[in-house]
Each structure stands twice: as structure tokens, then as C-alpha cells.
1. Considering every residue within region 163-173, establish whether at least one is touching a Gly at 6+ places or on another chain (Cβ under 9 Å) and not acidic (Asp, Glu).
2. Only one of Met84, Met113 is hydrophobic (A, V, I, L, M, F, W, C), surrounded by 14 or more Cβ atoms within 10 Å (Cβ to Cβ), farther than 22 Å from Val15 by Cα and at pLDDT below 95; which?
3. Look through region 116-138, keep the residues that are polar (S, T, N, Q) and surrounded by 12 or more Cβ atoms within 10 Å (Cβ to Cβ), and return whichever of them is modelled with the lowest pLDDT.
4. Scan Arg47, Arg72, Arg68 and give me the residue that is surrounded by 15 or more Cβ atoms within 10 Å (Cβ to Cβ) and touching a Ser or Thr at 6+ places or on another chain (Cβ under 9 Å).
5. Anything in region 23-36 that is free of Cβ contacts under 8 Å to residues at least 24 places away in the same chain and of a type in the set (Val, Ile, Thr)? List them, or say none.
6. In region 37-77, which residues are in contact (Cβ under 8 Å) with a residue 40 or more places away in the chain and either outside any helix (DSSP H, G or I) or in contact with a strand residue (DSSP E or B) (Cβ under 9 Å, 6 or more places away or on another chain) (or both)?
7. Name the residues in region 127-158 that are in contact with a Ser or Thr (Cβ under 6 Å, 6 or more places away or on another chain) and either of a type in the set (Lys, Arg) or part of a helix (DSSP H, G or I) (or both), would you?
8. Restricting the search to region 159-188, which residues are assigned to a loop (DSSP other than H, G, I, E, B) and either hydroxyl-bearing (Ser, Thr, Tyr) or under 18 Å from Pro77 (Cα atoms) (or both)?
Amino acid sequence: MSVTPTAPRYTRVAVILHWVIALLILGQLAGGLFFTNLSFATHAELRISLTQFHKAVGLTVLVLSIARLIWRLTHRPPALPVGMSRMEHMAAKATHILFYVLIIGIPLAGWLMVSAYKNPISYFGVFNWPKIPGFEGQNDFGEIMHEVHEYMAFAAIALIALHIGAALKHHFINKDNVLARMLPLVKARNKD
């Protein structure tokens, strides 16, 4: 399989969006696991505050993820190493597509969920984020979206573990430049 030569690294915008979104998502996953296990009986105020913060960060992730997808569709990524098998190429492509589905789908499901309930969606206390029209008052739909949001979050945890494992395999076992393409502090190797 021949690969058309491209830049050896992702663009600066792609790298910044990748790492900002990655850090926000890791925080969201950890925070979501934490605050959903807090008891309303003993930690109601903290749980409500963390939930509001989680919503605002989630909406930020949604906007940044859409921007990242637009950037990706308009800027060609670096080519994968020539030595990768067809199966590895397909796995890499499928993983990236699934990441986009999740980084947009998880916050979108959350937005749909909170749009079904009566409380306003506060964006860091600065303004109320608009609800998606047509869902307010549909609590059953909100509960379904809550489940979708949660299952997608667990899928993201699994995909992140796979992604990190693959990046480390490329760097330490394959000794190629896959990790260096997205990690600014890693120098590219001469071989690829």
C-alpha cells in the first residue's frame, strides 16, 4: 500500500485541540465517576456544584470537538508509517472515527439529557446555555439519554486505554514516529 507523503507532524492547531480536549475529557470522566457516587443525603450541595461544572465543561468539549472535526476534515493528517499492515491502518482509522463519535456524542447526549429537565443549563454561571428545543419536560427521554451518556463514557475509557497502549507500542516496540506526530516534546526519529 503506497502512502502519499504528508507533513511529519500534526498541525499546531490539531495538537492543541487534541491535548485540550483530551485533558478536559479525562477530567470529565474522573469527575463524573466521582460526583455520581456522592450521596445526595450528605453531599447535596457539592454534587449539584460539580454537576453544573460538569455540564459547562461538557459543552465546552462539544464545541471544541466540532472545531477539531472541522479542522481534521480540512487539513490532511500525517501519513501512517509505511510498514503498518492493512489491518493496522484499518484499526487506526476505525479508532479515530470512533473517537470523533464519542467526543461529540457524549456531550451531545448530555446536552439532550439536561434539555429534557426543567432546570436551566448554566455555563460557568456566566449565562444559561440554550436547551435543545422540543425535549423539555420529557423526563423519560432524559433518563434514556443519561444511560446513553454513561455507556458512551465507559466506551471512551476503554478506547482511551487502547489509544494510549497503541501509541506506546508504536513508540517503544515499533520505534516509529506515530507518537511524535502528536506529542510536541517527543522528537521524531529518522526512521519511519
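The values are calculated or read from the model by the stated rules, or taken from the named source; none is laboratory data. Predicted, not measured: the structure shown is a model, and the values here were computed from it. Glycine gets a Cβ as well: all are built from the backbone with ideal geometry, and neighbour counts include every protein chain shown.
1. The answer is no; no qualifying residue exists.
2. Met84
3. First, the residues of region 116-138 that are polar (S, T, N, Q): 119, 122, 128, 138.
Restricting the remaining residues to those that are surrounded by 12 or more Cβ atoms within 10 Å (Cβ to Cβ) gives 119, 122, 138.
On the way: Asn119: 92, Ser122: 97, Gln138: 97.
My answer is Asn119.
4. After applying the criteria, what remains is Arg47.
5. Hit for region 23-36 is Thr36, nothing else.
6. Gln52, Lys55, Ala56, Leu59, His75, Arg76, Pro77, listed by residue number.
7. Passing the criteria: only Lys131.
8. Asp176, Asn177, Val178, Leu179, Ala180, Arg181, Met182, Leu183, Pro184, Val186, Lys187, Ala188
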